[in-house]
Amino acid sequence: MQFFGGSDISPSPPAPTAPGNNAHMIYVFNRNGVCLLYKEWNRPLHTLNAQQDHKLMFGLLFSLKSLTAKMDPTSAEKGNLGVPQLPGQGCSFHSFRTNTYKLSFMETPSGIKIILVTHPKTGDLRDSLKYIYNLYVEYVVKNPLYTPGAPVR
C-alpha cells in the first residue's frame, strides 16, 4: 500500500498468538505531567530518549483532550483550544487506533493519567485501565513509604 508521497505503509502487525502478549507500553502520569511509571514490553524501535518520549506522550494527551472538548457537539461553551481542562470536564476520548498500535487512555478525578499502548486489534480496555488504577491506589498510593509525585520504583 502506498501513501500520498509514494512511501510504503507497512500492514498491521500480525495478530497476537498467545493471550497476555498484547501490551507494548504503559505510562502513568500525574496531573502535572510527571511520568510516575513507564514500562515497555515490545518496542523494537527507540527514536527518543525517555524524557522526550514522556513529554511527547503527555503533549499528545493534552492536545487530544483539548481537541475533543472543542469538537464536543453537546456543549454550548467550547472554550479556547489548548486551555487546560479539569479531569472529567467536557468530552473525552478513550482510545485511538493506527495500523500498528492502539492507545487506550484513562484519566482519574485526581488527575492521574494511565496510558496503555497495545496491539491494534486489542478490544476495549477501559475495565483493564480501571483495574490498573485500582492496583496503583492499593499498592502505591496507600504505601506509607511512597512520596506523592515521585516516580514509582
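Data overview
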{"quantity": "Extreme residue, nearest to the chain's Cα centre (by Cα), among residues of segment 21-55 that are surrounded by 12 or more Cβ atoms within 10 Å (Cβ to Cβ), assigned to a helix (DSSP H, G or I) and not basic (Lys, Arg)", "calculated": "His54"}
{"quantity": "Filtered residue count, segment 42-55, keeping only those that are closer than 14 Å to Ile115 by Cα and free of Cβ contacts under 8 Å to residues at least 24 places away in the same chain", "calculated": "2"}
{"quantity": "Residue that is nearest to the chain's Cα centre (by Cα), among those in segment 100-153 that are closer than 29 Å to Leu45 by Cα, among the hydroxyl-bearing types (Ser, Thr, Tyr) and open to solvent by less than 40 Å² (accessible area, probe 1.4 Å)", "calculated": "Ser104"}
{"quantity": "Among (1) modelled with pLDDT of 80 or more; (2) farther than 23 Å from Tyr139 by Cβ; (3) open to solvent by less than 60 Å² (accessible area, probe 1.4 Å); (4) out of contact with any strand residue (DSSP E or B) (no Cβ under 7 Å at 6 or more places or on another chain), the one test that Leu61 misses", "calculated": "(4)"}
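The values are calculated or read from the model by the stated rules, or taken from the named source; none is laboratory data. Every value quoted in this text rests on a predicted model; they were computed, and no experiment measured them. Heads up, the Cβs are rebuilt from the backbone with ideal geometry, glycines too, and the neighbour counts pull from every protein chain shown. In case anyone asks, the SASA skips ligands and DNA or RNA and just uses the protein heavy atoms, side chains included. Shrake-Rupley method; radii C 1.70, N 1.55, O 1.52, S 1.80 Å.
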